[in-house]
Amino acid sequence: MLRRLLENVRNLRITNSLVDLGFTIDGRFGGCINSSTKIWDIAPSLLMFEEAGGMITDMNGSKIDFSLDANIMKKEFPILGASRKLHPKLLNLVLR
């Protein structure tokens, strides 16, 4: 997956998920991918991201499932976030 991304993106930056989502919301990044976020990394920013016109899904393009269970704090959430226009293109690169 990383090789496909490197061949198809202008720049790749690796930071933490909250910074990546914030920079994507304000337009500094076209999109962000994080393979292992925690609920506290993405739950607060999900609403802001979507209100700003962005879209966050899991790596299969499905809505993120925040169902509460005994292991929710240990669960890893792989995410893909981008504008509604760019999201399908980025998802296609991930799924190839």
- Task: Check off (1) in contact (Cβ under 8 Å) with a residue 60 or more places away in the chain; (2) within 12 Å of the chain's Cα centre (by Cα) for Arg96 and give me the number that stays unchecked.
- Result: (2)
- Taking interchain pairs and intrachain pairs at least six residues apart, which have beta carbon atoms under 9 angstrom, with the first residue in region 52-63 and without any contact (Cβ under 8 Å) to a residue 24 or more places away in the chain and the second outside any strand (DSSP E or B)? Asp58/Ile64; Asp58/Asp65
- Filter region 1-34 down to residues that are surrounded by 14 or more Cβ atoms within 10 Å (Cβ to Cβ) and within 19 Å of Met73 (Cα to Cα) and give me whichever is modelled with the highest pLDDT. Asn34
- Query: Say we look at region 64-84 and pick out the residues that are without any contact (Cβ under 8 Å) to a residue 60 or more places away in the chain and touching a Leu at 6+ places or on another chain (Cβ under 8 Å); which of these is surrounded by the fewest Cβ atoms within 10 Å (Cβ to Cβ)?
  - Reply: Ile64
- Residue among Asn92, Asn60 that is assigned to a helix (DSSP H, G or I) and polar (S, T, N, Q): Asn92
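The values are calculated or read from the model by the stated rules, or taken from the named source; none is laboratory data. Everything quoted here is computed from the prediction, not taken from an experiment. Using ideal geometry, Cβ is built from the backbone for each residue, glycine included, and neighbour counts are taken over all protein chains shown.
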